[in-house]
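Colleague: This is the structure, below, for whatever I ask next.
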Amino acid sequence: FYRAAVVDFEPVVYHFEAPARNMTALEVMMSNAQEMKRWVVEASEAGSDIIVFPEYGLSGPDFGSKSELEPYAEALTCDGSVSAVLSFFCTIASELRIHIVLHLIERGPPGSWSFFSAQVAVSPERALVGKYRKKQLYGSESAVLTRGAHEQPESTFSLGGGRFQFSMLICFDMMFNKRPGEREQQQLQQQQQQQ
């Protein structure tokens, strides 16, 4: 069996508060990351194998423009020289031997002005093991974010040597996916059988 922790987390600092508090985007995200770390430590001490945080936990929602959103975007890598916040969580996952699922604003390919609402899973091996880009953008999100692809095989990951499989989904996508991750689960099973 495995033990999971799910946190209904509200940011301690929202992105729109940053100017009044004279904080950079990184400072806002790291303030929230430090609070999230407290929950990860608690979950790990309780024996959890995985902890899941909600959408926009690092920044809060409702960005008014791409230029407002851009400082909050990161490349999805555990390399601290490229992605300070995700690297922070990769280190925590490794130190506490727990999987962490969290939401980030993903920076699109170099040279593009595209950003994604992304749910990521990091492992105790300090590796990015799953990623899901939100497909059904809600309200004003469509003005600043790019829609994720229909098929996302990397949205499924496993725990416990493959005994437990997880598929990620973000918010409004639930209204449009009757069986989230089913296709991705089948692809993962086929890959495991081929190995």
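The values are calculated or read from the model by the stated rules, or taken from the named source; none is laboratory data. No experiment lies behind these values; they were computed from the predicted model shown. Cβ coordinates were reconstructed from backbone atoms using ideal geometry, including for glycine residues, and neighbour counts include every protein chain displayed. Surface areas here come from the heavy atoms of the whole protein model, side chains and all, with no ligands, DNA or RNA. Shrake-Rupley method; radii C 1.70, N 1.55, O 1.52, S 1.80 Å.
Colleague: Filter the range 18-34 down to the residues that are open to solvent by 50 Å² or more (accessible area, probe 1.4 Å) and in contact (Cβ under 8 Å) with a residue 24 or more places away in the chain, then identify the one that is nearest to Ile105 (Cα to Cα).
Modeller: Leu26
Colleague: Moving on. Cβ-Cβ below 6 Å, separation at least six or inter-chain, first residue in the range 133-144 and over 16 Å from Met174 (Cβ atoms), second modelled with pLDDT of 90 or more: which pairs?
Modeller: Val144/Phe63; Val144/Lys66; Val144/Leu69
Colleague: Same structure, new question: From Gly80, Gly57, grab the single residue that is at pLDDT below 90 and either farther than 19 Å from Glu154 by Cα or not aliphatic (A, V, I, L, M) (or both).
Modeller: Sole residue among the options that is at pLDDT below 90 and either farther than 19 Å from Glu154 by Cα or not aliphatic (A, V, I, L, M) (or both): Gly80.
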